[in-house]
Each structure stands twice: as structure tokens, then as C-alpha cells.
Amino acid sequence: MKNTILFTLAVFAVVSLQAQCFTVTTLEWNTEQFTLNGTINGAYTLAVLPTGATLENNESDTFSLTLPIEKADHVFIFGLVNGADECSFTFDPDESTYFNAAWVSASDPSTCDATDGSLCLTDYSGNPVDFTIDSFASSNGCLGGLSSGSHLLSPAAITASDGVTYLNPSKTVEMLELNVTLTENDGLLIPQINGGSGDYAWFINDAPINEGIPVQFKGCAVVDVTDLVTGCKAVKTEYLTNSIKGDISGASAQTPGDGCVLTSDLLAVLGFMGPTSTAADFDCDGVTNISDLLFFLTRFGAGNCGS
């Protein structure tokens, strides 16, 4: 049973101003909120909206309410008073119109360089929903000729059985996209790879193929992944530290940080200055230079430095 939003208003009489005193025309779904848009269909001295907000003396003939997504399962009550006449209206959002990932049916391209991928979109009832990707429009809910990578899908409006037009925001659909994160395994950092065929070759910095680096590593890790079946590639660059950023004294996989950014770390930064990436290349641009030193100075004294 849905919860009902209550508001303070004189008891509604059975007499109504007309068959329907409010009309909800559109509902715009979003991730954290949704917006009701509609019209007020008669003259009034007082209109009470479900949020408790009021309009007086024909102040407006339209309304727009933005509510948290958690309230999407509520029944909303509107009230209208004009002299002795009173009218109430309830609206129950059709939650089935809210975009669901299960609506998407995608066929990946045959290779990373191919453009033979396709995507179809259906609604909660299995009916085709048209959409656009970039400037290309679907036909009968399907679109072909897609390449690998991320595609921004913009679904068309859905008109539900209640007569309201429901709008969903654009969604990102990934095809043959490789997503890479570094994870620890037996004291080594190795890539966790999602997407693609499952058959990969990868390198981390200058380590041998498909071999991890020590979990204590400090500095920039460049992870280069190739899908051996589709040919797709992914490169992820990440600054790693087993302590806090800036705590680099020792600067080797065997020397843990002490949890504090102090003079010894400053001396290490100065010793690393030069045209290559080091443990002090905090912005991972391949060079340890003045920008890294300036960043380090903002970190000086950070951490558990004692009294």
C-alpha cells in the first residue's frame, strides 16, 4: 500500500469544480529526484499542492513539483477551493516507466575496430522505445552500426496508460569497454578487468607481461591492457601509495612510509627532480618537476606526525 501525503486543508466537499481539477502532463525521472509538471483546470481561491505549498487567487494555471525519488511510490493529493466549491485530485506515478537497465539489449561489435554493434530498447511491457545516440535515431526501438566504447543513449518519452508523458534522462551504455582497477593478490597489485573477451595481455610500468608489482609500490602505475580477441585497449594511470600521498622517504617497494610528510620526504622529492616519472611524480605526467614540488609543499606536515 502506498503512503499518502497529507496536508492541512478544509474538509473537501463531494462537489467538485469540474470532472478533474488538476492534470499531470509530464513526469521527469532522474537518479535522485523526479519532477511533476501539470495544469490547474479551474478558477480557484486556494490551491494546495502535495508538498504543502499553496497558490492563491488564480495565481498560476500550471504547477511544477520536484520530489525525492524515494517518494515515487506515494499517492499525491492535490486540493482546490473556489468559494463553496472544493475539488480533490490524486496522482499515482507509474513507476514502471522509470528506466531500467533490463530494457537495453546490446550486441557488441565483432572487434574493437568494427562498426557492427547494435542496440535495442524496450519498455516495461516489452514494447519498442525509440532513442537517439549522438545524432543517430533508432527505428522501431533498434539502432545498428555501433562501434566499441561508451554511447550516450537518450530514450524517447513514454506515454503511459494514465495519459502522462514520462521522461527518462540519458544513460551511458558501454560496448566492448574495458574497465580496469588494480587489486591486491598475494602481495602483488594486478589489474581486475571487466568487459571484453576475458583473454588479455597486460603490463604495469616496466614489469614483465601479466606480472604484478609489489603492493608497497609508491608512485605512478601505468596499466596497459589489450584484449587479445577483440583488439580493444585500455590504459589506466594511477598514483599509488601504501601510506599517505607525499610520504615517500625510502621510495622503494621494500620501504614502507612512516605515515607522516616531513623533511625526509622533502629531501626525497628534491632528489627525484628530473625528466622521468618517480615516486614524487604526484600528477603522473611522466616528469618530476616544480608542479610536483608545489603539490608536495601543500602536504607538508600531513599525517600522523606526533606532537
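The values are calculated or read from the model by the stated rules, or taken from the named source; none is laboratory data. Computed from a prediction, not measured in an experiment: that's the story for all the values here. Ideal geometry is used to build each Cβ from the backbone, glycine not excepted, and the neighbour counts take in all protein chains shown. For accessibility, only protein heavy atoms count, side chains too; no ligands or nucleic acids. Shrake-Rupley method; radii C 1.70, N 1.55, O 1.52, S 1.80 Å.
Quote the charge dipole size of the stretch 155-307 about the Cα centre in Debye, to the nearest 20; the model charges only the Cβ of Lys and Arg (+1) and of Asp and Glu (-1).
That gives a dipole near 280 debye.
Between TYR239 and THR66, what FRET efficiency follows from the Cβ-Cβ distance if R0 is 45 Å, with the result rounded to 0.05?
0.70
So how tilted is helix 263-272 from the main axis of the chain? Cα-based, degrees 0 to 90, rounded to 10.
Helix 263-272 sits at roughly 80 degrees to that axis.
What is the count of Lys pairs in the chain whose alpha carbons sit under 29 Å apart, if the two are 8 or more places apart or on different chains?
10
Could you give the accessible area per residue of the chain, probe 1.4 Å, as a whole number in Å²?
51
Tell me, how many Å apart are the Cα centres for the stretch 102-179 and for the stretch 216-238?
The stretch 102-179 and the stretch 216-238 have Cα centres spaced 29 Å from each other.
Given SER125, SER150, LEU293, which one lies farthest toward the positive end of the charge dipole of the chain, if we put +1 on the Cβ of every Lys and Arg and -1 on the Cβ of every Asp and Glu?
Towards the positive end, the residue furthest out is LEU293.
Taking Cα pairs under 8 Å and at least six residues apart, what relative contact order does the chain come out at, in percent?
10
Which listed residue (LEU262, CYS87, ALA234) has the Cα farthest towards the positive end of the charge dipole for the chain, taking +1 on Lys and Arg C-beta and -1 on Asp and Glu C-beta about the Cα centre?
Towards the positive end, the residue furthest out is LEU262.
Please report, in debye to the nearest 20, how large the charge dipole of the chain is about its Cα centre when each Lys and Arg carries +1 at its beta carbon and each Asp and Glu carries -1 there.
380
Over the stretch 149-269, what is the relative contact order in whole percent, taking alpha-carbon pairs under 8 Å and six or more residues apart?
Normalised by residue count, the contact order of the stretch 149-269 is 16 percent.
Considering only protein heavy atoms and a probe of 1.4 Å, how much of the accessible area of the chain is carbon and sulfur, as a whole percent?
Its accessible area is 51 percent carbon and sulfur atoms.
I'd like the orientation of helix 290-299 relative to the chain: the angle between its Cα long axis and the longest Cα principal axis, in ° from 0 to 90, rounded to 10.
70
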